[in-house]
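A short worksheet on the structure shown next.
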Amino acid sequence: MSVDGADEASWDLDPEDEAQALIEAVGRQLKLWREAAGLRPAQFGALIGYGENLIYKVERGARIPRPEFLDKADEVLGAGGKISAMKKDLEQARYPKKVRDLAKLEAKAVEIGTYGNHNIAGLLQTEEYSRALIQTWRPAYSQDEVERMVAARMARGSIFERSPAPTLTFVQEEVTLSRPIGGRMVLRRQLERLLEVGQLRNVEIQGMPTDCDDHAGMGGRIQVLKFGDGSAVGHDEGQVTSRPISDPKEIRILELRYGIIRAQALTPRESVAFIEKLLGET
């Protein structure tokens, strides 16, 4: 790895992110360890394989160090695992704020319903499909930013391992199941993933054929999350913004629309056959 401004070892931090205090605290600790070792930033950077500029940014809390950065720092500074242990504290902070906010809602939800009309739902995506999809976005992200968003999206997949398991329902437009994002082999593995996840007892996946002439989902993507106390939140996620919807009137409209969409779509059993047919043609 080059030492010339190797910022790929860290992530930018949103100035308005509430994780700022944590990132600054980690930076101060790294600076104290470095100074105790009698190393200047340039010397320290050379020893761990990163640029001096990055060391300054990490120490003042302007960048979030990646796990490998902390591991190398721990080894060079002889911290005996104390610096590496900070990886756990940074595990969530390293993901974009809008993804963390959504993940918090998903972690509390007892039921999540999602209608996708442009892409496979984020919770259902394979890593390679997610990467290929994010790389299509414009304006284009750097590869470092792409990998950060892919990692965040994959972390949300832990919802399938939750106990008690939430009820998860998905309705996917036919075009999202047939558009070869990333190439046909990427799509094949994505369809196989849908069939695999669809076998879980708490998951139902439905396809919406393009030739459906009465369609309540023409207004766009829908997501509704319901919680144990009876409350609900809608969610609108885009490339730039991520907007939770909590107004009861808006929630009722989303729930009504989503219910009609599910009724108009193929049944889960019909959808399995539909996806298997698409897989055979891909």
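The values are calculated or read from the model by the stated rules, or taken from the named source; none is laboratory data. The structure presented is a predicted model; accordingly, all values stated were derived computationally and were not measured. Neighbour counts run over all protein chains shown; Cβ positions are idealised from the backbone, glycine included.
Tabulated results
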quantity	calculated
Test for Arg40: is it free of Cβ contacts under 8 Å to residues at least 40 places away in the same chain, charged (D, E, K, R) and not assigned by TED's automatic domain parsing to the domain that holds Gln206	yes
Glu173 vs. criteria of a type in the set (Asp, Glu) and within 30 Å of Gln264 (Cα to Cα)	yes
Of all residues in the stretch 55-88 being of a type in the set (A, V, I, L, M, F, W, C) and touching a strand residue (DSSP E or B) at 6+ places or on another chain (Cβ under 6 Å), the one that is nearest to Arg28 (Cα to Cα)	Val58
Residue among Ile134, Ile55, Ile120, Ile112 that is of a type outside the set (Gly, Ala, Ser), at pLDDT 90 or above and farther than 30 Å from Phe227 by Cβ	Ile55
Pairs with Cβ under 8 Å, 6+ apart, first in the stretch 260-282 and farther than 11 Å from Gly207 by Cβ, second buried (at least 18 other Cβ atoms within 10 Å of the Cβ) and polar (S, T, N, Q)	Arg262/Thr169; Arg262/Gln206
Single condition Arg138 does not satisfy, out of (1) outside any helix (DSSP H, G or I); (2) touching a Lys or Arg at 6+ places or on another chain (Cβ under 8 Å); (3) of a type in the set (Lys, Arg)	(2)
Matching option when the condition is surrounded by 14 or more Cβ atoms within 10 Å (Cβ to Cβ) and not in a helix (DSSP H, G or I), among Ile159, Ile181	Ile181
Given (1) out of contact with any helix residue (DSSP H, G or I) (no Cβ under 6 Å at 6 or more places or on another chain); (2) surrounded by 17 or more Cβ atoms within 10 Å (Cβ to Cβ); (3) under 18 Å from Gly27 (Cβ atoms), number of the condition Glu91 does not satisfy	(2)
Checklist (1) more than 24 Å from Leu279 (Cα to Cα); (2) among the basic types (Lys, Arg); (3) at pLDDT 90 or above applied to Arg179, failing item	(1)
Number of the exception - Val26 against (1) modelled with pLDDT under 90; (2) crowded, with 20+ Cβ neighbours inside 10 Å	(1)
Tabulated pairs, the stretch 176-198, first at positive phi and free of Cβ contacts under 8 Å to residues at least 60 places away in the same chain, second basic (Lys, Arg) and surrounded by 15 or more Cβ atoms within 10 Å (Cβ to Cβ), C-beta under 8 angstrom, 6+ apart or interchain	Gly182/Arg131
Filter pass, Val186 being surrounded by 15 or more Cβ atoms within 10 Å (Cβ to Cβ), assigned to a strand (DSSP E or B) and among the aliphatic types (A, V, I, L, M)	no
Ala140 vs. criteria more than 12 Å from the chain's Cα centre (by Cα), of a type in the set (Gly, Ala, Ser) and surrounded by fewer than 15 Cβ atoms within 10 Å (Cβ to Cβ)	yes
Residue within the stretch 74-81 that is within 18 Å of the chain's Cα centre (by Cα) and surrounded by fewer than 20 Cβ atoms within 10 Å (Cβ to Cβ) present	no
